[in-house]
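Participant: Pasting a structure here, questions to come.
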Amino acid sequence: MLGLLLVAVVGVLIWLETQPARDEAQARQNLRDNVELLRDRLGEAAADGSLPDTEIARVFPPAKPAKGYVGVTRHGEAVTVVAEVLGQGPPRAFIFVYERSVTGCYAFEVPPPGPAASQPSIRELSQEACSAGAATLPGTDGRDQQSRDSK
């Protein structure tokens, strides 16, 4: 009987010890799902051939601790939007209620409108690209860039 109790206690301790990793994995999966959803919404917003900053801000609202829409770069009719996106794990209540959240910085590249226009592509950026508040994409000099800091 004592052996069975020991196995149960060890099992519960292992389950409790690995719970944060499972919550982190679920938060990262939620982040990936949110990125795909935002890509689809951005594609819908750009379907009419224009993509003003107000529409972009509507697609990428801030969700604390993520900033949402960080900046936009326009090259002709092609648009690159940089946004910080939030992923959330399941809420837990033991002594305190807490929730695991992760953020990621992504560039959504919208191709120019046309008959063969495709969905926006996604590129993950370093977290520093979103941390400054005004994104500068790697490989750009910022001359054709418009940004805003969403606080």
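Participant: Within the stretch 119-151, can you find the residues that are over 15 Å from V70 (Cβ atoms), at pLDDT 75 or above and open to solvent by 80 Å² or more (accessible area, probe 1.4 Å)?
Facilitator: Result: Q119, single match.
Participant: Return the residues of the stretch 77-112 that are of a type outside the set (D, E), open to solvent by 40 Å² or more (accessible area, probe 1.4 Å) and closer than 18 Å to S126 by Cα; say none if nothing qualifies.
Facilitator: S101, T103
Participant: When only residues in the stretch 1-25 that are in contact (Cβ under 8 Å) with a residue 12 or more places away in the chain and open to solvent by less than 50 Å² (accessible area, probe 1.4 Å) count, which is nearest to V81 (Cα to Cα)?
Facilitator: Taking the candidates together, the pick is E24.
Participant: Continuing with the same structure: Tell me the residue from R74, R32, R28, R41 that is open to solvent by less than 80 Å² (accessible area, probe 1.4 Å), closer than 19 Å to R123 by Cβ, modelled with pLDDT of 80 or more and of a type in the set (K, R), please.
Facilitator: None of the other options fit; the residue is R74.
Participant: Quick check on E84: is it among the acidic types (D, E), in a strand (DSSP E or B) and within 22 Å of Q119 (Cβ to Cβ)?
Facilitator: Criteria met by E84.
Participant: Test V79 against the stated conditions and say whether it is farther than 16 Å from S131 by Cα, at pLDDT 90 or above, part of a helix (DSSP H, G or I) and out of contact with any Cys (no Cβ under 6 Å at 6 or more places or on another chain).
Facilitator: Considered against the rule, which asks whether it is farther than 16 Å from S131 by Cα, at pLDDT 90 or above, part of a helix (DSSP H, G or I) and out of contact with any Cys (no Cβ under 6 Å at 6 or more places or on another chain), V79 comes out as no.
Participant: Being of a type outside the set (K, R) and farther than 13 Å from V102 by Cα narrows it down to one residue among A66, A57, A27; which is it?
Facilitator: None of the other options fit; the residue is A57.
The values are calculated or read from the model by the stated rules, or taken from the named source; none is laboratory data. Model, not experiment: these values are computed from the prediction. When we count neighbours, we look across all protein chains shown, and the Cβ atoms used for this are built from the backbone with ideal geometry, even at glycine. For accessibility, only protein heavy atoms count, side chains too; no ligands or nucleic acids. Shrake-Rupley method; radii C 1.70, N 1.55, O 1.52, S 1.80 Å.
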